[in-house]
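To start, the structure under review is shown below, and the notes come after it.
Nothing in this text is a laboratory measurement; each read-out follows from the coordinates by a stated rule. As the structure is a prediction and not an experimental result, all values here were calculated from the model. Reconstructed Cβ throughout: ideal geometry from the backbone, glycine too, with neighbour counts over all protein chains shown.
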Amino acid sequence: MATISKLSNPNPVASLSSSFKPRSSSSLKCFVGFPTRPGFSSKLVSSSSLSSINTHPFRGSLVVRCSLADGNGSSVKRTTLHDLYEKEGQSPWYDNLCRPVTDLLPLIASGVRGVTSNPAIFQKAISSSNAYNDQFRELVQSGKDIESAYWELVVKDIQDACKLFEPIYDQTDGGDGYVSVEVSPRLADDTNGTIEAAKYLHEVVDRPNVYIKIPATAPCIPSIKEVIANGISVNVTLIFSLARYEAVIDAYLDGLEASGLSDLSRVTSVASFFVSRVDTLIDKMLEMIGTPEALDLRGKAAVAQAALAYRLYQKKFSGPRWEALVKKGAKKQRLLWASTSVKNPAYPDTLYVAPLIGPDTVSTMPDQALQAFVDHGTVSRTIDANVSEAEGIYSALEKLGIDWGKVGSQLEDEGVESFKKSFDSLLDTLQEKANTLKFVIS
């Protein structure tokens, strides 16, 4: 990210204060309706506590509609997302971000406690919306190059979203309410470049509840340690194997120990363990093998590996080494289940959410998975309910010739390349937009 150091400090959420005012003195009640499949009842989230009206429809199948209420102070109707956090200790996050960020308010009322973003999400948001045009025009007119302009667009969205989730961050003493922004995917094999980019994004976003996303590539494992040691909270992304996950945990622990901080309570992290993509790849391998045993294992690999990852998490965040860090205020690096949307329509639409519920975890869900779980998800601790079965599936796949290490490496490479493609595509789109506006960018 050669141009990131050229960024000026984007204007913080100056425009948010005006949009947080109701249209009248009546209290505003927002209803979040989840369109249901046949056979399932609709659920509504009612909130008269929101201090903002949302005049923009939610971008997706989630329907947001607002109405003026009599201001009786009624409480928000509980959803399965509230139960997920309060009963089982899992934080539901939303895997999407676009303008206006006030679209997030009804989701927060429904129980969403954080947001994740990535280059693909911003590629879709910026290229398909006119909401970025005014700021982009101003940036280009002021002489910003395309990549610098891109980062300022992103930083503003992250700052605005952080502002919305800051109450949750404060209420949980820094335990939740985070918004994640990823370093340039071009830096996936650049240790030092990733460190510098993470430091700069942390500085320019300047919000206590921002997570800097760093990929779990081999070159970036040392980056994670160094960034944590500098007191910067990190979301480690693109984790596809148990071996790489253990290296990520060790980098977090090494970073905490190397920080020299007497109070570690404000340095936190999540480890984003990807799920559905594992099944997508391994299912293809199983179909090539073609035996009844192989075909019977389709759709089981991802959840099995995730259950074993949670067991590893429990092991690593216990014992003398961890207890010494706890005395300084250290918080566990929570497991975050990512890639939770179902790719195979033959599978249940909550397959990568419902079996992965457990304490001290996060589930980040895109529209499809979020809607499905709110509509008909069941809240109960499931992540460690059948660990022996998970071991059996993991071993059975190995016996069939599935190399978990190679699977993880292939998925990591594909993930990095996918994000690079989205990043490059967006820069091309912005360049075309600048040209359309008759600006010359060198």
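Some points to look at:
- The count of lysine pairs in the range 201-339 that are at least 8 places apart or cross chains, and whose C-alpha atoms lie under 21 Å apart, stands at 18.
- K315-K124 FRET efficiency (beta carbon distance; Förster radius 35 Å; 0.05 resolution): 0.40
- Relative contact order computed over the range 311-442 (Cα-Cα under 8 Å; 6+ residues apart), in percent: 16
- For the range 97-224, the residue among S127, G143, V205 whose Cα projects farthest onto the positive side of the dipole built from Cβ charges is S127.
- Prolate is the label for the range 320-442, because the ratio a/c of its alpha-carbon gyration tensor axes (a ≥ b ≥ c) is 1.5 or higher and a/b is greater than b/c.
- Under a 5 Å amide H cut-off, with hydrogens placed 1.01 Å from N, L336 pairs with A271, S272, F273, V362 among residues at least 5 apart or on other chains.
- Approximate spin-label separation Q368-S142, in nm, with each point projected 7 Å along Cα-to-Cβ: 3.9
- Label reach from M288 (point 7 Å along Cα→C-beta): in the range 369-411, amide nitrogens under 17 Å belong to 397-411.
- For K433, the aspartates and glutamates whose Cα falls under 20 Å of its own Cα, not counting residues fewer than eight places away in the same chain, are D134, E138, D145, E147, E152, D157, D424.
- For the range 83-227, the gyration tensor built on C-alpha atoms gives an oblate shape. Its axis ratio a/c (a ≥ b ≥ c) is at least 1.5, and a/b is not larger than b/c.
- Between the range 89-111 and the range 138-212, the alpha-carbon center distance in angstrom: 17
- Cα-based shape type of the range 141-262, given that a ≥ b ≥ c are square roots of the gyration tensor eigenvalues and the cut on a/c is 1.5: oblate
- Theoretical gain in end-to-end length, K399 to L261 [0.36 nm per residue, Cα-Cα removed]: 45.1 nm
- Extending 7 Å from the Cα toward the beta-carbon at both D250 and T191 defines two label points whose distance is 1.4 nm.
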